[in-house]
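Asker: This is the structure I want to talk about, given as structure tokens.
The values are calculated or read from the model by the stated rules, or taken from the named source; none is laboratory data. Note that the structure is a prediction, hence the values are computed from the model and not measured. Just so you know, the surface numbers come from the protein's heavy atoms only, side chains and all, with ligands and any DNA or RNA stripped out. Shrake-Rupley method; radii C 1.70, N 1.55, O 1.52, S 1.80 Å.
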Amino acid sequence: MGQGLWRVARNQQLQHQGYSGQGYLTREHGRRFATNSISNTSHRKQAQGGIDIYHLLKTRKSKEQEGFINLEMLPPELSFTILSYLNATDLCLASCVWQDLANDELLWQGLCKSTWGHCSIYNKNPPLGFSFRRLYMQLDEGSLTFNANPEEGVNYFMSKGILDDSPREIAKFIFCTRTLNWKKLRLYLDERRDVLDDLVTLHNFRNQFLPNALREFFRHIHAPEERGEYLETLITKFSHRFCACNPDLMRELGLSPDAVYVLCYSLILLSIDLTSPHVKNKMSKREFIRNTRRAAQNISEDFVGHLYDNIYLIGHVAA
């Protein structure tokens, strides 16, 4: 039986190499036979709307033989466009192969400004030997330092000439940066109210619906976990800024900063009521309108109803 299996395997091997049971075919004839078979199969698949596997494999094999595309052989604008999609880590790795391309200042400048949108050094004449790649490393180091100790992080940026010692410049840096830990940032702003004041004025709430503006505000300046003086300060600053951005709307609705303050507090309480799993009896729209108008009598009932619908459909304003 072992010999029979050996003959079957041997016959299959011979047929694969172009041999037949009556002798053997020349290898050229075998290749023609295989090519014709594949060609006929590919034509049938093309006629059926299928994939041409033969040409697909042939193209794949040729690409494997070619290897990686050499970016240095491409037009410079195309090479830079490809490398611009890489993050800092991948760009450093690419510099091991394409040193001149991956170390180009324009690429590292784009990485710096896309991660840290504002730095005082951007608007200054660069010092001798300035490098955006080195600046990226310093910004990354400073951000990590800030997330451990905010005061030391800000001092690091100032010592490197990245930030000016100005509340306005610090506020712009915070407003345009997303790498800072929000808990550490909240502690820093609670201590630096001068920076907080400038940070609030950077927001533009023009023509925004009140709950949406409040959400945007708390995305940049995170609300504390508990009620207290800091939360009241944030809502007060937001109310004045919202009124300053929408003077016509405030006159039309008859709202003052104090009335907006009441609405903001009502929206936060409503958000907690509707989203908390611990509250079984959710506040109804009628109850919200009645309670809100009791605190601020000049507010339109329809306007308050729209506020309720927004929280009900979209969710928390300070999540």
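Asker: Any chance you could look up the accessible area of Glu225 with a 1.4 Å probe, heavy atoms only, rounded to 10 Å²?
Answerer: 140 Å²
Asker: Using all C-alpha to C-alpha distances in the range 195-319, build P(r) with 10 Å bins and read off the rounded percent in each one.
Answerer: In order of increasing distance, the bins hold 12, 47, 34, 6, 0 percent.
Asker: Strictly greater than 17 Å: what percent of every Cα pair in the range 235-283 meets that?
Answerer: Numbers: 516 of 1176 pairs.
Summing the P(r) of the range 235-283 above 17 Å gives 44 percent of all pairs.
Asker: Leaving ligands, DNA and RNA out of it, work out the accessible area of Thr275 with a 1.4 Å probe and give it in Å² to the nearest 10.
Answerer: Thr275 has an accessible surface of roughly 80 Å² with all protein chains in place.
Asker: Quick check on the range 167-212: what does the Kirkwood estimate of hydrodynamic radius come out to from the alpha carbon pairs, in Å?
Answerer: Details: mean 1/r = 0.0871 Å⁻¹.
By the Kirkwood definition, the hydrodynamic radius is 11.5 Å.
Asker: Using heavy-atom solvent-accessible surface (probe 1.4 Å) with all chains present, what is the largest-first order of Phe132, Phe209? Intermediate values should be presented prior to the final figure.
Answerer: Numbers: Phe132 30, Phe209 65 Å².
Putting Phe132, Phe209 in descending order of accessible area: Phe209, Phe132.
Asker: Only Cα pairs under 8 Å and at least 6 apart count here; give the relative contact order of the range 129-288 as a rounded whole percent. Before the final figure, lay out the partial values.
Answerer: Numbers: 114 pairs, mean separation 24.1, N = 160.
The value is 15 percent.
Asker: Given Cα pairs under 8 Å that are at least 6 residues apart, what percent is the relative contact order of the range 207-262? Could the numbers behind the result be given before it?
Answerer: On the way: 20 pairs, mean separation 17.7, N = 56.
This gives 32 percent for the range 207-262.
Asker: If Arg192, Arg286, Arg293 are ordered by their accessible area, calculated over protein heavy atoms with a 1.4 Å probe, which sequence runs from highest to lowest?
Answerer: Working: Arg192 55, Arg286 185, Arg293 85 Å².
Solvent-accessible surface, decreasing: Arg286, Arg293, Arg192.
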